[in-house]
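The values are calculated or read from the model by the stated rules, or taken from the named source; none is laboratory data. Please read these numbers as outputs of a predicted model, since none were measured by experiment. Here the Cβ positions follow ideal geometry from the backbone for every residue, glycine too, while neighbour counts run over all protein chains shown. To get the accessible areas, we keep the full protein, side chains included, count just its heavy atoms, and leave off ligands, DNA and RNA. Shrake-Rupley method; radii C 1.70, N 1.55, O 1.52, S 1.80 Å.
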Amino acid sequence: MTINDLRGVLKGRVLLAGDDGFEQAATAWNLTVRQPVAAVVEAADVDDVAALVRYARRAGMTVTTQPSGHGASGDVEGLILLRTGLLNEVEVRAQERVVRVGAGVKWGQVLAAAGPLGLTGLAGSAPGVSVTGYTLGGGVGWFSRKYGLASDSVRAIEIVDADGEPGRVTAESDPELFWALRGGGGDFAVVTALELELYPAPVLYGGRVIWPEHRTREVYDAFLEITAEAPRELSVWINRLQPPARRRW
Ligand SMILES: Cc1cc2nc3c(=O)[nH]c(=O)nc-3n(C[C@H](O)[C@H](O)[C@H](O)COP(=O)(O)OP(=O)(O)OC[C@H]3O[C@@H](n4cnc5c(N)ncnc54)[C@H](O)[C@@H]3O)c2cc1C
């Protein structure tokens, strides 16, 4: 079987170089990074992911999973790029305070579904980041000082392993793989869905304050002072930004 034959096997799209839509499908969110992949596969469901991994294993090819390409490095020459955007189910189980999300779901979708039920997840600063990519890398968010990293709130992880076998990983079923996936990134399996704990949504006060460069020392000193004693409900992030030079007319 060649990569072209995958088209007859998968329900989702298979795009090869030269196909209409290939360039767009292979483009990362970060437009400064070029992705010279051999093919892009948009999996329609878990069976597609499993069939793709089994094909890649037989063909000696590597599959890399990328919902969006927020973290794209460009080190993907000749690989098969797996897009998970169609795995987009969001199921909030309010009584259990748990959400089950498909691997393509973004944080904004989870907050929109959980918010009306008075619940929230441990999202970070951007609604467009995928829950899976963020959580596999740990995930530092607004509530991390109170509830820990997003990866600390994972209950279960649905995967396709390197043999192309689907499975569900929990702390009890496979403690080592569960440990590795919660912060170790995407190299241990293709994740197809996550189950995460939700928390009661508090009343929030927040915002951003911007100071000019000459006050940097003062601002850093204040940041150190506040964060040394701050209650766990308070998260304060500091960024030093240098915008592109302003054009002078
Ligand atoms: C605007 C912006 C704001 C951000 N804010 C925060 C923040 O507040 N806190 C924070 O901790 N991080 C933050 N990040 C970093 C972000 O969490 C990482 O870049 C994360 O890896 C993005 O995940 P993604 O799936 O959207 O990106 P992608 O680049 O598509 O995926 C990143 C990596 O995740 C892995 N991966 C994704 N899906 C799967 C899967 N289904 N199976 C196996 N592996 C998979 C792969 O290794 C992939 O290369 C931010 C990033 C951006 C661009």
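In the stretch 115-138, the count of residues that are open to solvent by 50 Å² or more (accessible area, probe 1.4 Å) and in a helix (DSSP H, G or I) is one or more. What do you reckon, is GLY71 more than 11 Å from the ligand (Cβ to nearest atom) and within 16 Å of the chain's Cα centre (by Cα)? Criteria not met by GLY71.
Would you confirm, using the coordinates I've provided, whether GLY164 is away from the ligand (no atom under 12 Å from the Cβ), modelled with pLDDT of 95 or more, open to solvent by less than 60 Å² (accessible area, probe 1.4 Å) and on the phi < 0 side of the Ramachandran plot? Write out each step before concluding.
Numbers: away from the ligand (no atom under 12 Å from the Cβ): yes; modelled with pLDDT of 95 or more: yes; open to solvent by less than 60 Å² (accessible area, probe 1.4 Å): yes; on the phi < 0 side of the Ramachandran plot: no.
Against the criterion (away from the ligand (no atom under 12 Å from the Cβ), modelled with pLDDT of 95 or more, open to solvent by less than 60 Å² (accessible area, probe 1.4 Å) and on the phi < 0 side of the Ramachandran plot), GLY164 does not qualify.
Restricting attention to the stretch 168-193, the residues that are loosely packed, with under 15 Cβ neighbours inside 10 Å and not aromatic (Phe, Trp, Tyr) add up to 10.
Kindly indicate which of VAL33, VAL40 is buried (at least 16 other Cβ atoms within 10 Å of the Cβ) and β-branched (Val, Ile, Thr).
Numbers: VAL33 fails: buried (at least 16 other Cβ atoms within 10 Å of the Cβ).
Result of the check over VAL33, VAL40: VAL40.
Taken across the stretch 151-159, residues that are assigned to a helix (DSSP H, G or I), at pLDDT below 95, of a type outside the set (A, V, I, L, M) and in contact with a Lys or Arg (Cβ under 7 Å, 6 or more places away or on another chain) do not occur at all.
Quick test for you: out of LEU119, LEU79, LEU86, LEU111, pick the one residue that is in contact with a Phe, Trp or Tyr (Cβ under 8 Å, 6 or more places away or on another chain) and more than 8 Å from the ligand (Cβ to nearest atom). Step through it out loud before you land on a result.
On the way: LEU79 fails: in contact with a Phe, Trp or Tyr (Cβ under 8 Å, 6 or more places away or on another chain); LEU86 fails: in contact with a Phe, Trp or Tyr (Cβ under 8 Å, 6 or more places away or on another chain); LEU111 fails: in contact with a Phe, Trp or Tyr (Cβ under 8 Å, 6 or more places away or on another chain).
Going through LEU119, LEU79, LEU86, LEU111 in turn, just one is in contact with a Phe, Trp or Tyr (Cβ under 8 Å, 6 or more places away or on another chain) and more than 8 Å from the ligand (Cβ to nearest atom): LEU119.
Every residue in the stretch 46-60 that is closer than 24 Å to ALA193 by Cβ, more than 13 Å from the ligand (Cβ to nearest atom) and open to solvent by 40 Å² or more (accessible area, probe 1.4 Å), please. Across the stretch 46-60, the qualifying residues are ASP47, ARG54, ARG57.
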